[in-house]
Structure formats: C-alpha cells, structure tokens
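Below is one structure, written out as structure tokens; comments come after it.
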Amino acid sequence: MKTVAILVAAGSGTRAGGSVPKQFAPLAGKPMLKHGFDALTSHPEVDAVYVVIGAGQEEALRAALGDVPFAIGGATRRESVASGLAALGEADRVLIHDAARPFLPRAVIDRLLAALEAHDGAIPGLPVADTLVAASGASVPRDGLVRVQTPQAFRYAGIARAHAAWPGDQEATDDAQMLRALGMDVAIVEGSPMLEKITHPADFAAAEARHGAAMRVRTATGYDVHRFAEGEELWLGGVRVPHARGLSGHSDADVALHAITDALLGTIGAGDIGMHFPPSDPQWRGQRSSKFLEHAAALVAAKGGVIDFIDLTIICEAPKIGPHREAIRASIAGILGLEPSEVSVKATTTERLGFTGRGEGMAAQAIATVRVPG
C-alpha cells in the first residue's frame, strides 16, 4: 500500500498578520509548515509528502524545507488539493493536511489509516462541547455534531474521482464532502486538541502554549576521550586552539563536540556517535566533528524536539581553556542554532591524577537538555 500525503500550504495567510504568509511564519522554533511536514515524513506508513504552495512561494518553501516535491496551488483550497492530487501520481492512499494545523500527533494518522481498511475515507473530529446558537437566537442541538479537522484520509482512486466530478463553479467545505457526494462513506475517528487551526494572530500564542504543554523534558549525558599526538591540530568545540600537540582520532578528534553529540543522541535514544559514524568507515577520516553534531541535532528536530541547553565540561591540564571559552561557546551555539546564553562551557583539571593529569590526553563530559513531544 503506497501512502502519499499532501500538505496544503498555498494560502496568503493575510488574516494572521505578519510580513510573510502564516505557513512560513516561525512557530515553536521553526516555520509553521515544517511541523506538519516533519510529522508526516516521520510516520512509517507515509511514503512521500507533496507540498502545495502558492505561486511565487518557491524560495520560501526552499528556505523552510529544502528541496522537496511540491505543486503550485490555485485560487481556492479545492483547486490547490486538486493540483496536489495531479502531482503525486500513483498511490493507494492519500492524506490531505492543512499546514495551518501544525501539531499533528502520530496517533491521529494511525487511526485514519486504520479506518481506511473498511471505509472510502476517514476524517478526524472532536465533539462539540460549547452551546450552539443560530443567528436567530435559537439553540442548536449539538448531539452528534463534531468539529472536523485534518488530515483527512482517502483511498486515492475515490478522492481523485470526487475532485474530477465536483462542479468547478462550486466550493466544498472539505474533501470529505466531495467524496460523500459520490455516495461513498466517510468514517469519523478521534481527533486531537493539538490540531486546532491557526488563523488569527492570537492563535500563534495559543499554539505555542499547546506545543509547550505537550512537550516532555529529557536530559542525557555524553563522554569522550582522545589522546594527544604530535603533528595534530587541536580542535575544541569547533574552534582551533593553539597548542603544541593536538588530539588523535579518526575525525578531527574534537572531544568536546563528540561528547555533545553523544548527549543529544541520548535524549532521543538514538545510540552513540560510533553507531552513526563508525571509525572503520574511511569517509569520516579527518571529517569536521561539526557535521556529527549537526546530524544529531537534525535527528532531534525530526522527532519534533527542541534543544534547550548544553552544558560542557572539558577536562585537561593544558591548554588553558579560559582564553578560548567564549569562542567555543559561540561556535557550539552557532552549530546548534542556539543563543550563546544557552550553552555553558566549563573546564577543570584532575589535580595531575590519571591520564589527563599526566598530560596524555583530554576528556569532555556534556549534558544536553531537550524537549520532545509527549
């Protein structure tokens, strides 16, 4: 079963205010549409994600997501979805999701795809809890009413036929309405409060609060050791530090960045640096350790995580770390996209005890604090 997702992000976003369309505006540390994109691409049953954008938004898309498959939408949401359906080619199942609903729980996708085993389509919804009143003032019974969300899931052949059959001079409330018009059945599965739509400026603050409340704090440690060697450069935290000897290792032997990399990998249970960059692999010989750290940070981001703080301790008798502390701090912050105030760099000796005390090498210990979706 090939499952493809369409992320609809073609609107102008004018009601949300701001200098850019809302789907490209920053939210919880990254562009809004990246939240939904990451949730869809990380789901094990989703094979591809196509993004539908407005004309002239190509550069904004590239800045937010890099080079990803996309289609240019139309003047209405219906036309934009039709453009996405035409672009994705063959598929068995399709998920259609609005970028304005950025926080997409994996469990919702699971429920939608499970429902497609017995239905032509499936939509997430939440029961209506508020009292409803018509414009005339009369109360409207809320029994059986739900607030519909996205993503909406369909068998591809059915939703493609529904779009082709829909009158071009009429607009639909959503894709499920178009499917029902052909007599096909649509199941309603449990939605999520995290999927509230962002429309107005105040919605951004509410979304930030929902995101924060759903995050869990994790901490993990990393530890690394390298021996001194003649004829090597000494790199610490991505900064070249003048010294008579450097550290020996398969890469540039940056003991500080290696410790931080292991700490970040630990926060998401992703093993250690040796699993991702084996010393036996010649492609990593002499490689800058900043690439290892960037990789670990990308894995955290792919899980929807946010790096809050890095605490690093460098253990050596020499050289003195103090004169280079701020440069190292700024370098680590730059690699991870943090503020220097979110990185702590300390140094200590072992009172001439052990291998570091004898000047045979250096060690580093790091603690990473991140928030990940609960």
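Values in this text are rule-based calculations from the coordinates and carry no lab data. Remember, it's a predicted structure, so these values are computed and weren't measured experimentally. Here Cβ is always computed from backbone atoms with ideal geometry, including for glycine, and neighbour counts include all displayed protein chains.
Below, the figures for the structure above:
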| quantity | calculated |
| --- | --- |
| SER344 paired with ALA165, simple spin-label distance in nm, labels 7 Å along Cα-to-beta-carbon | 6.4 nm |
| CD proxy at 222 nm, helix term only [per DSSP H run n ≥ 4: -39500 (n - 2.57); per residue of the chain; nearest 500] | -9000 deg cm²/dmol |
| 10 Å-binned pair-distance histogram of the chain (Cα, whole percent) | 5, 20, 25, 19, 14, 10, 5, 2, 0 |
| Beta bridge orientation in segment 119-256: antiparallel %, DSSP, nearest 5 | 70 percent |
| Descending Cα extents along the principal axes, segment 95-160, whole Å | 42, 25, 20 |
| The chain: relative contact order in percent, alpha carbon pairs under 8 Å with at least 6 residues between | 15 percent |
| Pairwise label distance in nanometres, HIS276 with ALA209, each label 7 Å out on the Cα-Cβ vector | 3.5 nm |
| Footprinting exposure proxy for MET275, MET178 (fewest neighbouring C-beta atoms within 10 Å first) | MET275, MET178 |
| Cα-based convex hull volume of segment 3-213 per residue, rounded to whole Å³ | 141 Å³ |
| Using θ = phi - 60° and Karplus 6.51 cos²θ - 1.76 cosθ + 1.60, couplings along segment 168-176 (whole Hz; Gly, Pro as x) | x, 9, 10, 10, 9, 5, 6, 5, 4 |
| Along principal axes, Cα extents of segment 323-370, largest first, whole Å | 36, 25, 14 |
| Additional length obtainable on full extension of the chain from ALA63 to VAL133, 0.36 nm per residue less Cα span | 20.8 nm |
| Ordering of 284-297, 198-211 by packing [mean C-beta count within 10 Å, highest first] | 284-297, 198-211 |
| Förster radius 51 Å - calculated FRET efficiency between THR173 and HIS250, Cβ distance, rounded to 0.05 | 0.30 |
| Projected-area mean, segment 215-373, by convex hull of Cα positions, square nanometres | 8.8 nm² |
| For ARG227, ARG101, ARG77, order by how many other beta-carbon atoms lie within 10 Å, fewest first | ARG227, ARG77, ARG101 |
| Cα Rg over Rh - segment 253-302, Kirkwood | 0.94 |
| Kirkwood Rh and Cα Rg combined as Rg/Rh, segment 161-220 | 1.20 |
| Efficiency of FRET between THR41 and ARG358 - r from beta-carbon atoms, R0 45 angstrom, step 0.05 | 0.35 |
| Ranking of TYR223, TYR50 by count of other Cβ atoms within 10 Å, fewest first | TYR223, TYR50 |
